[in-house]
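The values are calculated or read from the model by the stated rules, or taken from the named source; none is laboratory data. What you are looking at is a predicted structure, and each value in this text was computed from that prediction instead of being measured. No Cβ is skipped: glycine too gets one built from the backbone with ideal geometry, and neighbour counts run over all protein chains shown. All accessible areas refer to the heavy atoms of the entire protein, side chains included, with ligands and DNA or RNA removed. Shrake-Rupley method; radii C 1.70, N 1.55, O 1.52, S 1.80 Å.
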Amino acid sequence: MINLKYLKTTTNNDKDTIFALLDMFKLQIPELKSGIITAFEEKNWLALREAAHKAKNSFQILGMQDEAEELQKLEILCSQEKEIHLYEYYVKKFVEACDSSVNEIERGIDLS
């Protein structure tokens, strides 16, 4: 999930910066999840696209490229309002990625 090699490279292995990024990400997760879930439930595809874009950027900061790519796909589909039957799949994958990454942070990340 969280790409420590990427984080170490982009921060010059500055542990304080890495922990600050992880804390910031963890704090953003409830809002990101709420935005995506609410937009999906309300079938507000414009809001879902915007929420996916915002979440994608947060995932990219932690080097979570696979998860960011999934959000990119959702963002594109929403902008075209195509293949709406796939939106639920992407929302579920996003929620799972959020929960997994928060659990990973809470378990403690070894930067040695």
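Leaving out ligands, DNA and RNA, what percent of the accessible area of the chain is carbon and sulfur, probe 1.4 Å?
Working: 3230 of 6600 Å².
Of all accessible area on the chain, carbon and sulfur atoms account for 49 percent.
Treating the beta-carbon of each Lys and Arg as +1 and of each Asp and Glu as -1, no other charges, what is the dipole magnitude of the chain about its Cα centre, to the nearest 20 debye?
Dipole of the chain, to the nearest 20 debye: 160 debye.
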- Task: Read phi for every residue in region 65-72 and hand back ³J(HN,Hα) as whole Hz from Karplus 6.51 cos²θ - 1.76 cosθ + 1.60, θ = phi - 60°, with x for Gly and Pro.
- Result: 5, 4, 5, 5, 5, 4, 5, 4
- State in Å² the accessible area per residue of region 26-112; use a 1.4 Å probe, count heavy atoms of protein chains only, and round to the nearest integer. 57
- Message: If you take percent of Cα pairs over 25 Å apart from the coordinates, which of (i) 46; (ii) 23; (iii) 17 do you get?
- Response: (ii)
- Item | For region 75-82, 3J(HN,Hα) per residue [Karplus equation, 6.51 cos²θ - 1.76 cosθ + 1.60, θ = phi - 60°, Hz, x = Gly/Pro] | 4, 5, 4, 5, 5, 9, 6, 10
- Under 17 Å from LYS5, Cα to Cα: aspartates and glutamates that are on another chain or at least 8 residues apart: ASP14, ASP16, ASP66, GLU67, GLU104, ASP110
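With r defined as the distance between the Cβ atoms of ILE37 and ILE84 and R0 fixed at 22 Å, what FRET efficiency is calculated, to the nearest 0.05? Before the final figure, lay out each step's value.
Details: r = 16 Å, r/R0 = 0.72.
Given R0 = 22 Å and the Cβ-Cβ separation, E is 0.85.
Beyond 20 Å between alpha-carbons counts as too far, so tell me which of LYS15/LYS54; LYS54/LYS92; LYS26/LYS73; LYS33/LYS54; LYS56/LYS92; LYS15/LYS93 fall in that bin.
On the way: LYS15/LYS54 25 Å; LYS54/LYS92 17 Å; LYS26/LYS73 23 Å; LYS33/LYS54 11 Å; LYS56/LYS92 15 Å; LYS15/LYS93 29 Å.
Over 20 Å Cα-Cα: LYS15/LYS54; LYS26/LYS73; LYS15/LYS93.
Taking 22 Å as R0, compute the FRET efficiency from the Cβ-Cβ separation of ASN13 and SER100 and round it to 0.05. Display every interim value, and only then the final one.
Numbers: r = 24 Å, r/R0 = 1.09.
Efficiency, rounded to the nearest 0.05: 0.35.
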- As a check on your grasp of the helix formula, calculate [θ] at 222 nm for the chain: sum -39500 (n - 2.57) over DSSP H runs of n ≥ 4, divide by the residue count, round to the nearest 500. -26500 deg cm²/dmol
